[in-house]
Amino acid sequence: MSRLEELIAELCPDGVEYKKLGEIATISRGGNLQKKDFRSEGVPCIHYGQIYTRYGLFADRTFTFISEECAKKQKLACLNDIVMAVTSENIEDICKCVAWLGNEAVAVSGHTAIIHHSQNTKYLTYYFHTEMFAAQKRKLVHGTKVMEVTPDTLNTVVIPVPPLPVQREIVRILDNFSERTAELTEQLTAELTARRKQYEYYRDKLLTFDVLGGGGK
């Protein structure tokens, strides 16, 4: 029996409890910062568009900043809050999210939901990228060209909520898989680069011929 199975048997003898997100979290809307507010330094900020393109599942630092004056008017996410993009042009990207693991509060743009909760933040973030969540998300989406899920409707999403020790063990397993996948990807990328250089070397060598000199018969 694995450690996870042992924990579930010990702590969830009657099965894992499911709860609505609104029972374990408070959800608020992001602020109104825009790209024109970006600065090279200052208060860290996350723009909803960056969640699609620049962030992975977790972050402890930002790519952009805003002035302290601008930050006073913004909504902030704190350590372990989850920032979710709730507007997108396609169904796949909507509700992508990033867990904020930085010690400093971060300003958050509009078109987002800030999820403040009492659970393991990595556990919830992993869940928000599962097919189980995606199936529920698709029922909440409205709009055609621009799709949206309102922060209020996220309260109805149902989530398995095992005890925290079980959540931590699940996170440990998934983190391990993620690390191994990243290592393998790096190795394969290096191998691919080496093979490409080898191919280019032999291509040029095999297709380059000495020009015959002289004009003899």
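The values are calculated or read from the model by the stated rules, or taken from the named source; none is laboratory data. If you're wondering where the values come from, they're calculated on a predicted model, not measured in any experiment. Ideal geometry is used to build each Cβ from the backbone, glycine not excepted, and the neighbour counts take in all protein chains shown. The protein model used for the area step is the full one, side chains on, heavy atoms only, and it has no ligands, DNA or RNA in it. Shrake-Rupley method; radii C 1.70, N 1.55, O 1.52, S 1.80 Å.
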For this session: Output the number of the condition that residue 21 fails; it satisfies all remaining conditions of (1) under 24 Å from the mean Cα position of the chain (by Cα); (2) over 20 Å from residue 79 (Cβ atoms).
Result: (2)
Exercise. Could we say that residue 59 is closer than 23 Å to residue 136 by Cβ, at pLDDT 95 or above and either touching a Cys at 6+ places or on another chain (Cβ under 9 Å) or not basic (Lys, Arg) (or both) here?
Worked result: no
Exercise. Inside the range 160-177, can you point out the residues that are hydrophobic (A, V, I, L, M, F, W, C), surrounded by fewer than 17 Cβ atoms within 10 Å (Cβ to Cβ) and within 29 Å of residue 22 (Cβ to Cβ)?
Worked result: 164, 173, 174
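Can you name the strands (runs of 3 or more DSSP E) wholly within the range 8-49 that have at least 1 residues being more than 14 Å from residue 113 (Cβ to Cβ) and open to solvent by 60 Å² or more (accessible area, probe 1.4 Å)?
Details: elements: 18-20, 25-29, 43-46.
Fully inside the range 8-49 and qualifying: 18-20.
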Exercise. Which condition number does residue 72 fail, the rest of (1) under 15 Å from residue 105 (Cβ atoms); (2) surrounded by fewer than 17 Cβ atoms within 10 Å (Cβ to Cβ); (3) touching a Phe, Trp or Tyr at 6+ places or on another chain (Cβ under 7 Å) being met?
Worked result: (3)
Exercise. What tally of residues in the range 151-172 results from selecting those that are touching a strand residue (DSSP E or B) at 6+ places or on another chain (Cβ under 7 Å) and not β-branched (Val, Ile, Thr)?
Worked result: 4
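So, in the range 178-208, of the ones that are within 30 Å of residue 122 (Cα to Cα) and of a type in the set (Asp, Glu), which residue ends up most open to solvent (accessible area, probe 1.4 Å)?
Top of the filtered list is 186.
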Seminar exercise, completed: Of those in the range 50-69 that are closer than 18 Å to residue 103 by Cα and not in a loop (DSSP other than H, G, I, E, B), the residue most open to solvent (accessible area, probe 1.4 Å) is 68
Problem set entry | residue 135 being closer than 20 Å to residue 45 by Cα and of a type outside the set (Asp, Glu) | no
For this session: Looking only at the range 37-94, count how many residues are closer than 15 Å to residue 125 by Cα and under 15 Å from the mean Cα position of the chain (by Cα).
Result: 17
For this session: Report yes if residue 71 is at pLDDT 95 or above and either of a type in the set (Gly, Ala, Ser) or under 23 Å from residue 175 (Cα atoms) (or both), otherwise no.
Result: no
